[in-house]
Amino acid sequence: AQSVTQLDSHVSVSEGTPVLLRCNYSSSYSPSLFWYVQHPNKGLQLLLKYTSAATLVKGINGFEAEFKKSETSFHLTKPSAHMSDAAEYFCVVTGNTGGFKTIFGAGTRLFVKA
Amino acid sequence: DTEVTQTPKHLVMGMTNKKSLKCEQHMGHRAMYWYKQKAKKPPELMFVYSYEKLSINESVPSRFSPECPNSSLLNLHLHALQPEDSALYLCASSPTGGYTEAFFGQGTRLTVV
């Protein structure tokens, strides 16, 4: 069975400071992992994905994530937060069980203070 | 064209109405998805079409009826909905499925009165 846990429901940072959004996963298979961002009343936008290539994945808007198999983690980071980063972030795992199934984390709301 | 387009953006319907949500993509993707998202919750998978055939139905009530007329279009027909069905309905597509990412539309905000 697969699962994903986002360890923080809310994260608050000041503009210009680093961002860390934490995600742990459980999978019986080699997983594919994704981070999506959702601004209010909008659809989801893919930030980055891991599909068993490089363990350090760079995404859009300065975000990156590192796949750590030993820790079953896929944390999202950004060196310097911008006001426009304030949004909901979802960590997602897919795998070859069921093919199209996507397991979403509960989400982390990022607040950015001026 | 890297967009998934959903219409309408907003929909208010009564419990006796019949309406349809539409989704279109021109990226040549062969898998298309419907998700339901309640406020402050992650999206929940409803249906998946793969190569225009229904692949997954996540035990969705029959008042929701999906249709995939061709590889670019996905509809969700709504009939006799309940107020608790009010939500953001998201359409997504992916090149195939499984290990590939999904591209999401902006959603339809549905209110059932």
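The values are calculated or read from the model by the stated rules, or taken from the named source; none is laboratory data. What you see is a predicted model, and the numbers here were worked out from it, not measured in a lab. Cβ placement follows ideal geometry from the backbone for every residue including glycine, while neighbour counts extend to all protein chains displayed. All accessible areas refer to the heavy atoms of the entire protein, side chains included, with ligands and DNA or RNA removed. Shrake-Rupley method; radii C 1.70, N 1.55, O 1.52, S 1.80 Å.
Tabulated values for the structure
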read-out: Those Cys residues of the protein assembly as shown for which no other cysteine Cβ falls under 4.7 Å; value: B:Cys68
read-out: Test item: B:42-50 mean partner chain Cβ contacts at 10 Å; value: 4
read-out: Among the listed pairs A:Lys42/A:Lys69; B:Lys18/B:Lys41; A:Lys113/B:Lys40; A:Lys113/B:Lys36; A:Lys69/B:Lys53, those beyond 28 Å (Cα-Cα); value: A:Lys42/A:Lys69; A:Lys113/B:Lys36; A:Lys69/B:Lys53
read-out: Heavy-atom accessible area per residue - segment A:51-114, 1.4 Å, Å²; value: 47 Å²
read-out: Pairwise label distance in nanometres, B:Ser62 with A:Glu66, each label 7 Å out on the Cα-Cβ vector; value: 5.4 nm
read-out: Per-residue mean of C-beta atoms belonging to partner chains within 10 Å, peptide A:102-111; value: 3
read-out: Pair A:Ser14, B:Lys18: separation of 7 Å Cα→Cβ label points (nm); value: 6.0 nm
read-out: Sites A:Ala53 and A:Tyr29 - FRET efficiency at Förster radius 22 Å, r taken between beta-carbons, to 0.05; value: 0.85
read-out: Order by protection proxy (mean Cβ within 10 Å, highest first), peptides A:38-49, B:77-88; value: A:38-49, B:77-88
read-out: Within the protein assembly as shown, percent of DSSP bridges classed antiparallel, to nearest 5; value: 90 percent
read-out: Length added when fully stretched, B:Thr96-B:His77, from 0.36 nm per residue minus Cα-Cα; value: 4.5 nm
read-out: Interface B:A - total buried accessible surface [probe 1.4 Å, Å², rounded to 100]; value: 1900 Å²
